[in-house]
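To start, the structure itself, in structure tokens.
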Amino acid sequence: MKFGDFELSIVRECMFGLDGGAMFGVVPKTLWNKLLPADDENRCRMACNLLLIETPDGRVLVETGMGDRWTEQEMQRYGHEPLTKTEHMLADVGLKNEDIDAVIISHLHFDHAGGAVRKVDGKLVPTFPNAKYYIQKGEWEFSYKANARAKASYRPEDYEPLEAAGQVVLVDGDHEVMPGVFVRVTGGHTSHHQVVYFESQGEKGVYFADIVPTKSHIQPAWVMGYDHFPLASCDIKSDWLGRAARENWLVVFDHEPGVPWGRLSINEKKRFEFQALSEDTLKLPIAR
């Protein structure tokens, strides 16, 4: 999709499921189940949507998905359905892994960093061999000292090989990764969670990552139980969603199983509404 001087594409890396109660926190199931129905194990079906931003200065990939280093038991637990192969992750958009110049990881949970490395001849190596991986310094440090509640979401083997290969860029706060492509620290989901803001020729957009994982989470109070700081997430969502609606930004949801991008508006009841772009803007199957 054309976006100013940029070209945007969605790469759907996998489908998977997470517990609906955890995905919606204190929101009753009678409400969220109407929007994102749970299966017989109470899992909501979700996607890992990677955003490819092709700019005049280089190619940026946002997130890496879950990757393929999972046991059969783990795949059953998460209902994990791979849709790409790590050695050819960008085949659907006509690119090779070697074509990526920068990778942005919003935070280091396994469904965002799992595809950052792959196994070759028994050794873990960066999936994108020519890219620098942009990660918040605070997120990196926290991943090694996470407490019992948080540590299950972190797998150091997802990102330690990046450091060994000299491909990690630890940024401390907001940062311009490439002209027109920025990371902005939000906190909320984790203490140093970052979103990706991008702009070109007057067009503006945001990849919300896990601050707003699906279109079903656009109301500020609908905060995940997974969030480390849920009260902060509510305020952060209000701010970012409000700006996106007022200025007609393109918004992108990392885990939306349907069309993952579109525009926001505010209705007469002061509630956010999402208008998805046409399926024709995508080159991937849409979950029904």
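The figures follow:
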read-out	value
Residues (of a type outside the set (A, V, I, L, M, F, W, C) and without any contact (Cβ under 8 Å) to a residue 24 or more places away in the chain) located in the range 174-195	D174, E176, R184
Tally, over the range 233-285, of residues that are polar (S, T, N, Q) and in contact with a helix residue (DSSP H, G or I) (Cβ under 7 Å, 6 or more places away or on another chain)	2
Hits in the range 91-150 (condition: more than 22 Å from H175 (Cβ to Cβ) and touching a Phe, Trp or Tyr at 6+ places or on another chain (Cβ under 9 Å))	N97, E98, D99, F110, D111, G114, V117, A146, A150
Close pairs from the range 152-165: first within 20 Å of D227 (Cβ to Cβ), partner of a type in the set (G, A, S) and surrounded by 14 or more Cβ atoms within 10 Å (Cβ to Cβ), Cβ under 8 Å, at least 6 apart	S153/A146; Y154/S143; Y154/A146; R155/A113; R155/G114
Residue in the range 10-29 that is surrounded by the most Cβ atoms within 10 Å (Cβ to Cβ), counting only those that are β-branched (V, I, T) and part of a strand (DSSP E or B)	V11
Search result, residues across the range 86-100 that are in contact (Cβ under 8 Å) with a residue 40 or more places away in the chain and touching a Leu at 6+ places or on another chain (Cβ under 9 Å)	M89, L90, D92, V93, L95, D99, I100
Verdict on D254 being touching a His at 6+ places or on another chain (Cβ under 7 Å), part of a loop (DSSP other than H, G, I, E, B) and either hydrophobic (A, V, I, L, M, F, W, C) or touching a residue at least 12 places away in the same chain (Cβ under 8 Å) (or both)	no
Looking only at the range 221-251, and only at residues there that are touching a residue at least 60 places away in the same chain (Cβ under 8 Å) and in a loop (DSSP other than H, G, I, E, B), the one that is surrounded by the most Cβ atoms within 10 Å (Cβ to Cβ)	V223
Residue list for the range 237-269, filter: under 19 Å from the mean Cα position of the chain (by Cα), of a type in the set (D, E, K, R) and farther than 21 Å from E199 by Cβ	E256
Count of residues meeting criterion [out of contact with any Phe, Trp or Tyr (no Cβ under 8 Å at 6 or more places or on another chain) and touching a residue at least 40 places away in the same chain (Cβ under 8 Å)] in the range 9-25	7
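Conditions tested, residue by residue: (1) within 18 Å of the chain's Cα centre (by Cα); (2) closer than 26 Å to E41 by Cα.
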site: V60; (1), (2): yes, no
site: G79; (1), (2): no, yes
site: E98; (1), (2): no, no
site: G115; (1), (2): yes, yes
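Values quoted throughout were computed directly from the atomic coordinates according to the rules given, and no laboratory measurement underlies them. As the structure is a computational prediction, the values presented were derived from the model and not from experiment. Glycine gets a Cβ as well: all are built from the backbone with ideal geometry, and neighbour counts include every protein chain shown.
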